[in-house]
Amino acid sequence: MRRVLASSLALALPLCAGAVQAANSAKPNIVFILADNLGYGELGVYGGGILRGAPTPRIDALASQGMRLLNFNVEAQCSPSRSALMTGRFSMRSGTYAVPVGGQTDGLTLWEITIAELLSGQGYRTGMWGKWHLGSAEARLPTGQGFDEWYGIPRTYDEAMWTAQNQSNSMWPSFGNKQGWNADVVAPEPIYEARKGQKPRQVGTLNLQARLTMEAGITDHAVAFIQKNAREGTPFFAYVSSSMVHMPVLPNPEFAGKTGNGDWADCLAEMDARTGQILDAIRDAGIEDNTIVIFASDNGPEATDPWQGDSGPWRGTYFTATEASLRAPFIIRWPGRIPAGTVSNDIVHIVDMYPTLAAVAGAKVPTDRAIDGVNQLAFFEGKQPHSNREGFPAYVADRLSAVKWHDWKMHFIWQENMYDAPITLAEPRIINLLTDLKEERDVGAKASWLATPMMKIVYDWEASLKKYPPIKMGTPDPYTPATSRH
């Protein structure tokens with residue numbers, strides 16, 4: 001009898017393993033390419049491309065193969081948007097509502113459950129390459145927050161300019177050795193390679209020379225990850241955190257001078273080509289039909305001379321609540337599931353990616369905390385005509401600056417450029433976003449009824465903050481929610 005049972009068990013185990021592998025292979029792969037400070041008006045399909053000095057044929061073609069959103073919204077700064085993507089929670093909840101100032105405890109607490117952790121729980125391999133900006137302490141790096149592997153920088157790319165502070169370069173003056181950057185005072189930003197469960201390994205230092213090759217390194221790591229997991233038949237989540245077009249906007253030497261229209265256009269050309277490399281890897285691996293590809297931006301355009309980006313028809317820059325700050329490019333392709341050539345002006349927010357991707361993978365979102373994202377899968381697939389979101393509160397740092405509802409917007413604080421002082425308005429300003437793309441005309445006096453649905457969003461939000469008190473910026477680990485401390 002024991003021999004019969006043993007033989008039966010020996011036969012059953014490979015069958016079970018095969019069933020698990022088959023179930024995993026049925027799960028779609030997810031490739032999320034997040035550009036850095038790519039304004040609404042840069043891509044050809046959004047009215048830029050050759051108008052900005054460089055066509056973007058690969059990204060434009062991707063848009064024709066899936067769905068393109070005209071009203072995809074992000075948060076006003078880099079860390080907040082990336083936090084919202086990772087957690088499905090507005091950054092005010094997570095203590096990540098602003099780009100961290102040097103020296104403070106920064107990033108997401110380990111109590112947060114990232115999309116990488118949710119997908120890992122469903123058998124996905126998870127990889128990330130590029131800027132993290134959600135914690136520079138070792139425990140809070142991507143491999144401590146659900147990613148199996150990571151190559152990139154913990155903070156941001158403007159730190160590449162630190163090492164050049166004492167150098168004269170063309171018309172740029174140096175600060176001088178006595179008052180310029182000193183590594184003994186502030187260490188340069190490291191470039192890491194890391195694996196889950198292992199100590200991160202520093203493989204470089206972020207400086208202007210390293211900045212030139214970051215995008216190539218990000219792409220090479222992503223392509224290798226896609227190829228490996230495709231060969232093994234393992235579902236994967238590839239988070240490609242592009243370095244383009246964050247200041248300093250500098251192209252790889254391979255692309256320098258390629259367009260003849262300067263560094264910015266050369267960088268657009270490089271970004272499009274690197275995206276093409278990733279798309280080619282997916283195609284060549286034979287997994288195109290079972291892979292969701294998302295291309296989006298984390299923010300509106302740069303505001304700092306000489307790297308100002310383009311906001312298309314909208315007014316303002318990032319670090320504000322203008323449409324130029326909130327609206328970003330978004331393209332999603334899933335062959336056979338998302339109708340090709342679809343365009344929508346319905347509101348979707350970056351927090352919505354969390355429950356949407358969880359639904360794709362069969363994961364359940366946490367129920368012990370506030371999740372602000374809503375599942376948009378049925379909308380993306382064309383099973384319903386409209387988004388599941390009507391609006392949202394818009395913060396700039398920790399200031400509730402505006403609220404959006406359908407094609408309307410109410411400003412409480414006005415700020416057009418990140419370097420302007422925010423001005424608290426005596427009365428809220430209501431804008432019709434269909435008739436006034438530049439947000440110049442207040443229609444509140446004749447459309448005061450709009451205050452009711454828009455303020456409901458605010459009141460519901462404020463009530464949720466009382467139920468789930470937000471985490472303060474700089475909170476160390478371990479963190480326990482106030483609602484769980486009694």
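The values are calculated or read from the model by the stated rules, or taken from the named source; none is laboratory data. Model, not experiment: these values are computed from the prediction. Cβ: placed from backbone, ideal geometry, glycine included. Neighbour counts: every protein chain shown. Surface areas here come from the heavy atoms of the whole protein model, side chains and all, with no ligands, DNA or RNA. Shrake-Rupley method; radii C 1.70, N 1.55, O 1.52, S 1.80 Å.
The aspartates and glutamates within cross-link reach of Lys472, meaning a Cα-to-Cα straight distance under 13 Å and a gap of 8 or more places when in the same chain, are Asp106, Asp398.
Note on exposure: Tyr124, Tyr192, Tyr419 ranked by accessible area (1.4 Å probe, complete protein assembly) read Tyr419, Tyr192, Tyr124, with the most exposed listed first. Estimated purely from DSSP H runs of n ≥ 4, each contributing -39500 (n - 2.57), the mean residue ellipticity at 222 nm for the chain is -8500 deg cm²/dmol once divided by its residues. The trypsin sites (Lys or Arg not before Pro) of segment 377-486 that meet both conditions, a loop assignment by DSSP and at most 15 other Cβ atoms within 10 Å of the site Cβ, are Lys383, Lys438, Arg441, Lys446, Lys472, Arg485.
3J(HN,Hα) couplings calculated from phi for segment 258-263 with the Karplus curve 6.51 cos²θ - 1.76 cosθ + 1.60 (θ = phi - 60°) are, in sequence order, 5, 8, x, 10, x, 4 Hz; Gly and Pro show x.
Rounded to whole numbers, the Karplus 3J(HN,Hα) couplings from phi for segment 46-59 are 9, x, x, x, 5, 5, 9, x, 8, x, 10, x, 6, 6 Hz, using 6.51 cos²θ - 1.76 cosθ + 1.60 with θ = phi - 60°, and x at Gly and Pro. Ranked by solvent-accessible area (1.4 Å probe, protein heavy atoms only, all chains present), the residues Asp420, Asp184 order from largest to smallest as Asp184, Asp420.
In the context of the full set of protein chains, residues of segment 154-234 present 59 Å² of accessible surface per residue (probe radius 1.4 Å, heavy atoms only).
Once backbone amide H atoms are built at 1.01 Å from N, Val374 has Asp352 as its partners under 5 Å, excluding neighbours fewer than 5 places away on the same chain. Here the chain carries DSSP beta bridges of which approximately 55% are antiparallel, counting only pairs with both residues inside. Note on segment 161-240 and segment 93-121: Cα centroid distance 20 Å, given to the nearest whole angstrom. Residue pairs exceeding 32 angstrom between C-alpha atoms, taken from Lys196/Lys409; Lys131/Lys228; Lys178/Lys199: Lys196/Lys409; Lys178/Lys199. Karplus-based coupling profile of segment 328-343, in residue order and whole Hz: 9, x, 8, 10, 9, 10, 8, x, x, 10, 9, x, 6, x, 7, 10, with θ = phi - 60° in 6.51 cos²θ - 1.76 cosθ + 1.60 and x standing for Gly or Pro.
Inter-part distance, segment 391-418 to segment 312-370, computed on C-alpha centroids, equals 17 Å.
Between the alpha-carbon centres of segment 70-89 and segment 41-63 there is a gap of 23 Å.
What shape does the chain have by the C-alpha gyration tensor, where a ≥ b ≥ c are the square roots of the eigenvalues, rounded means a/c under 1.5, and otherwise prolate means a/b greater than b/c and oblate the rest? Rounded shape, in that the Cα axes give a/c under 1.5.
Loop-located GluC sites (Glu not before Pro) in segment 413-446 (DSSP state other than H, G, I, E, B) with a sparse environment of at most 12 neighbouring Cβ atoms within 10 Å: Glu440.
For the chain, with all protein chains in place and a probe radius of 1.4 Å, 55% of the accessible heavy-atom surface sits on carbon or sulfur. Solvent-accessible surface of protein heavy atoms, probed at 1.4 angstrom with all chains present, puts His221, His349 in the order His221, His349, largest first. A Cβ-based charge dipole, computed about the Cα centre of segment 34-184 with Lys and Arg at +1 and Asp and Glu at -1, lands at about 260 debye. Diffusion coefficient of segment 138-185 by Stokes-Einstein, Kirkwood radius over Cα pairs, 20 °C, 1.002 mPa s: 161 µm²/s.
Positive end of the dipole of segment 173-234 (Cβ unit charges, origin at the Cα centre): among Trp181, Thr213, Phe225, the Cα lying farthest that way belongs to Phe225.
Bridgeable lysines around Lys466 (alpha carbons under 23 Å apart, same-chain partners fewer than 8 residues away excluded): Lys404, Lys456.
Taking amide H as placed 1.01 Å from N in the peptide plane, Arg155 has its amide H under 5 Å from the amide H of Trp132, His133, each at least 5 places away in sequence or on another chain.
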